[in-house]
Structure formats: structure tokens, C-alpha cells
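Presented below is the structure to which this report refers.
The values are calculated or read from the model by the stated rules, or taken from the named source; none is laboratory data. For clarity, every value in this text was computed on a predicted model and none was experimentally measured. Note that each Cβ is placed from the backbone with ideal geometry, even for glycine, and that neighbours are counted across all protein chains shown.
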Amino acid sequence: MRKILYISGTRADYGLMRETLFQIKKNPKLKIEIAATGMHLMPEFGLTIDEIKKDGFKIHKVNAIYKKDDKESMASFIGELIQLLTKEIKKIKPDIVLLLGDRGEMLSGAIAGSYLTIPVAHIGGGDISGTIDELARHAITKLSHIHFPVTENSAKRIQKMGEESWRIFKVSAPGLDDILNEKLFSEKEISKKYKLNLSKPILLVVQHAVTTEINEAAKQIKETLEAIRELGFQTILIYPNADAGGREMIKVINEYKKYPFIKIYKSIPRKDYLSLMKISSVLIGNSSSGVIEAPSFHLPMVNIGKREIGRERTRNVIDTNYNKEEIKKAIERAIHDKKFKESLKKIKNPYGNGNGGKKIADILAKIKIDKKLLEKKIIY
């Protein structure tokens, strides 16, 4: 059997990849193991390695975490993780290293895998995001041997980067698999669990720090929270990730615990999160889930700032600056503009139809691992 090692550093990437990992596990020609690191090992962000354990995957704990709330810690984390992953991968002896997206954990995995002459498969290459994530994503693409872009435009960008077309396999975004194929909690079940009134607007908030604006992170989340406070709608708010500026945001977030209509969580299980998206009136912040997954629920997103600027999107996205009044206006439009809400019923998700996991597993099982795969040549 061919051994696949997936590297996971956050609740977000694991949630997005969960169904794909199960598809790999089901494939008779494959076995899957997970290297868990970063936020998964940090109690202040919910110790989400426990979610992976519940799913029964074989886990290799890689003890690198974000020690401080600054850029230096992010860079040091990547350096430390490269060293630790190199040792771990050498012991595990995977046939393929599998990565998703643009985070530092994935960049570390791409460097370790490629330098150990192990094929690296990358999901989500060619996307446009922002800040340091944009640079990391394209660096991972150049270090990878197998590409799984999630839109046609992204596939074309990978080719323009000098990657050979036979390496590129366009797939559906993995995060859509469980939306379209798994039975989520009913409206009654999820509203009861989170004590929500379905007859009133529900706000779902996920806002992360932007690495080029970390000195503004606390102020930025304050604008969002003040907008929510003034509107007074019931709100589910999930902590940001552990990037520089995230802990400063958390300090501000915790000042709002005194408001009973704002419920704050370090982390929420993937099935709960998707079920909450299903009943929410609007998703607020700068999470990629508002761009990639929300269209499948016909859910509006109030996209704050520039973290997701440039990504392919549908008309469910309303862009705003870090300004309380702009954010309030956008939220009210998302909730009360009947014409806007009606238009969302017709949108088609550009990120696919929910069959990405099986396709990825099939390709990983069949692709020939030889010198041709490992010895990359630029084609321009």
C-alpha cells in the first residue's frame, strides 16, 4: 500500500481535508497518516488534536508551536518545523507528502518533502489570496510535484508558473465534500446546542489577523465587535488563528464576553461549523470559508479588509473596510435586502461540486512515482 502523510497545523485545514482523508483511508491502495503540529497542540486555541484522535487516524505529533504573537515567531516556527518534520518524515517513510493551501506548516512540509526526494502533492495551488499567504502558496507550488488546483483559473496560473500540464489535476475544493455529501445537524439540533433563536438574525464571525497589518489587529477586531454590539444580534464568534496579531485580537474579543448575545468559542468542530453556516444570516470577518464554502449555503459574507481580496468569488461577498459603520451597513444589507438575498439562491459555487476527495485519492493511488515525477523541469 502507498503511504500518504498529510501535514495539519490548524482546525481549519483539518476540517477542510477531513472528508478527503477518509476517502484516502477507504482506498484499498492507500494508507493515510497525519503529522499534527502548530495550533493543534495549543490549549489556548482549543487543543484540536483531540478532533483528529476522535476520527481514528494515525497521528504523529510534531512539537512546534507559535511561541509569541509576532512575525519573528512565525518565521521561527517555520524554521523549527522544517527541522522536526525532516526527522519525522525520515522515520515515517511516506510515499507522498500531502499539503493544503498556503500556511507556514504547508511550506515547511513542502521544503522537507522535496529535499528528502519524496513527492509533494499540493491542493489549492494557483489561488490568489493576500499578504504572506500569497507568497507561501506559490512557493509551495514550485516545491510540489503533483498539483490539485480547485478552479480552472488556478490551474491556468500553475501552468503559467512553468509547471508541466501532466502534473496538474483540477479538482473540487475539498471543503465542499462534507457540505454536499454529509448529513449535517438539523436546524433544531444545532440551534438548541448553541442556544440560538431561529426566528431572529444569527451572525457567525471568524476574523483573523493580517500579517502585514499586525499592529492594527486589535483595532480591526474592535471595529467589527463594536458593529456587532451596536446591532445587538445573536452572535457566534470563533477565535482567530495563531498568526502574529491573533493573541492581541483575542484580548479584545474577551472584553465582549459580558454581552450575553455574543457567544465566544476557541474552536468549533467542523460539522457544527457547517451546520451553523446553514442557519446563519451572514458570515462576518475574513475567513476563506466565506468565499469558498458559503456560496454552497447561499450565505452572504461581509468580507472585512484585504485578506481575501483577489480570490475568485460569487456575489455573496460584500467587501468593507475596517470601519464600524461600513460593517454595520453591510450586515444590515445581508440580512434585510430581499433582492440581494434572492439573488444568492441562483449562485453557482466556482470551487466545485463536492467530489474532490475521491478524485484526489484515486490520483494519489494511480500516479507513477519515478524520476520523471521527481525531477521537475521548468517549461518556459
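Of all positions in region 197-207, none carries a residue that is part of a helix (DSSP H, G or I), of a type outside the set (A, V, I, L, M, F, W, C) and farther than 30 Å from LYS376 by Cα. Based on this model, can you work out whether TYR14 counts as more than 25 Å from ILE369 (Cβ to Cβ), crowded, with 24+ Cβ neighbours inside 10 Å and either aromatic (Phe, Trp, Tyr) or outside the structural domain of LEU116 (by TED's automatic domain parsing) (or both)? Answer is yes for this residue. Of all residues in region 254-265, none are surrounded by 16 or more Cβ atoms within 10 Å (Cβ to Cβ), modelled with pLDDT of 95 or more and within 18 Å of GLY290 (Cβ to Cβ). Taking the criterion of being more than 18 Å from the chain's Cα centre (by Cα) and either in a loop (DSSP other than H, G, I, E, B) or in contact (Cβ under 8 Å) with a residue 12 or more places away in the chain (or both), the residues of region 6-46 that qualify are GLN23, ILE24, LYS25, LYS26, ASN27, PRO28, LYS29, LEU30, LYS31, ILE32, GLU33, GLU44.
Which residues, counting only those in region 170-201, are of a type outside the set (S, T, N, Q) and within 20 Å of the chain's Cα centre (by Cα)? Reasoning before the result, please.
Step one: filter region 170-201 for residues of a type outside the set (S, T, N, Q), giving 170-171, 173-180, 182-185, 187-190, 192-196, 198, 200-201.
Across region 170-201, the qualifying residues are LYS170, VAL171, ALA173, PRO174, GLY175, LEU176, ASP177, ASP178, ILE179, LEU180, GLU182, LEU184.
All conditions in (1) part of a helix (DSSP H, G or I); (2) touching a residue at least 24 places away in the same chain (Cβ under 8 Å) hold for THR314, with the sole exception of (1).
Which residue is surrounded by the fewest Cβ atoms within 10 Å (Cβ to Cβ), if the candidates are limited to region 207-227 and must be in contact (Cβ under 8 Å) with a residue 60 or more places away in the chain and under 18 Å from LYS328 (Cβ atoms)?
At the first step, the residues of region 207-227 found to be in contact (Cβ under 8 Å) with a residue 60 or more places away in the chain are 207-208, 210-214, 216, 219-220, 223-224, 226-227.
After this cut, where a residue has to be under 18 Å from LYS328 (Cβ atoms) as well, the list is 207, 219-220, 223-224, 226-227.
Working: GLN207: 26, LYS219: 13, GLN220: 25, GLU223: 22, THR224: 28, GLU226: 15, ALA227: 24.
Filtering region 207-227 for residues that are in contact (Cβ under 8 Å) with a residue 60 or more places away in the chain and under 18 Å from LYS328 (Cβ atoms), the one surrounded by the fewest Cβ atoms within 10 Å (Cβ to Cβ) comes out as LYS219.
On the given criteria, is LYS3 more than 16 Å from TYR273 (Cβ to Cβ) and either in contact with a helix residue (DSSP H, G or I) (Cβ under 9 Å, 6 or more places away or on another chain) or in the same structural domain as GLY290 (by TED's automatic domain parsing) (or both)?
Details: more than 16 Å from TYR273 (Cβ to Cβ): yes; either in contact with a helix residue (DSSP H, G or I) (Cβ under 9 Å, 6 or more places away or on another chain) or in the same structural domain as GLY290 (by TED's automatic domain parsing) (or both): yes.
Yes, satisfied.
Taking the numbered list (1) closer than 24 Å to GLU213 by Cβ; (2) outside any strand (DSSP E or B) in turn, THR235 passes all entries but (2).
Among residues of region 356-376 being under 27 Å from the mean Cα position of the chain (by Cα) and of a type in the set (Val, Ile, Thr), the one that is farthest from GLY175 (Cα to Cα) is ILE367.
Every residue, every condition in (1) in contact with a Pro (Cβ under 7 Å, 6 or more places away or on another chain); (2) buried (at least 21 other Cβ atoms within 10 Å of the Cβ); (3) under 27 Å from ASN153 (Cβ atoms), yes or no:
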site: LYS91; (1), (2), (3): no, no, no
site: ILE96; (1), (2), (3): yes, yes, yes
site: ASP102; (1), (2), (3): no, yes, yes
site: ILE111; (1), (2), (3): no, no, yes
site: SER114; (1), (2), (3): no, no, yes
site: THR117; (1), (2), (3): no, no, no
site: HIS122; (1), (2), (3): no, yes, yes
site: ASP127; (1), (2), (3): no, yes, yes
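Residue-wise test of (1) closer than 21 Å to GLU293 by Cα; (2) modelled with pLDDT of 95 or more.
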| site | (1), (2) |
| --- | --- |
| ASN316 | yes, yes |
| ASN321 | no, yes |
| GLU326 | no, yes |
| LYS329 | no, yes |
| GLU332 | no, yes |
| LYS345 | yes, no |
| ASN349 | yes, no |
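Take the conditions of a type in the set (D, E, K, R) and not assigned by TED's automatic domain parsing to the domain that holds THR235 and apply them to LYS359. Does it pass? Yes; evaluated as a whole, the condition is true for this residue. If you scan region 167-196, which residues turn out to be over 30 Å from ALA155 (Cα atoms) and part of a helix (DSSP H, G or I)? Correct list: GLU187, LYS188, GLU189, ILE190, SER191, LYS192, LYS193. Of everything in region 157-184 that is closer than 30 Å to GLU375 by Cα and acidic (Asp, Glu), the residue that is surrounded by the most Cβ atoms within 10 Å (Cβ to Cβ) is GLU163. From the list ALA227, ALA217, exactly one residue is over 21 Å from the mean Cα position of the chain (by Cα) and assigned to a helix (DSSP H, G or I). Which is it? Result: ALA227 is the single residue among ALA227, ALA217 that is over 21 Å from the mean Cα position of the chain (by Cα) and assigned to a helix (DSSP H, G or I).
Once region 317-335 is narrowed to residues that are over 17 Å from GLN207 (Cα atoms) and touching a Pro at 6+ places or on another chain (Cβ under 9 Å), the residue that is surrounded by the fewest Cβ atoms within 10 Å (Cβ to Cβ) is ARG333.
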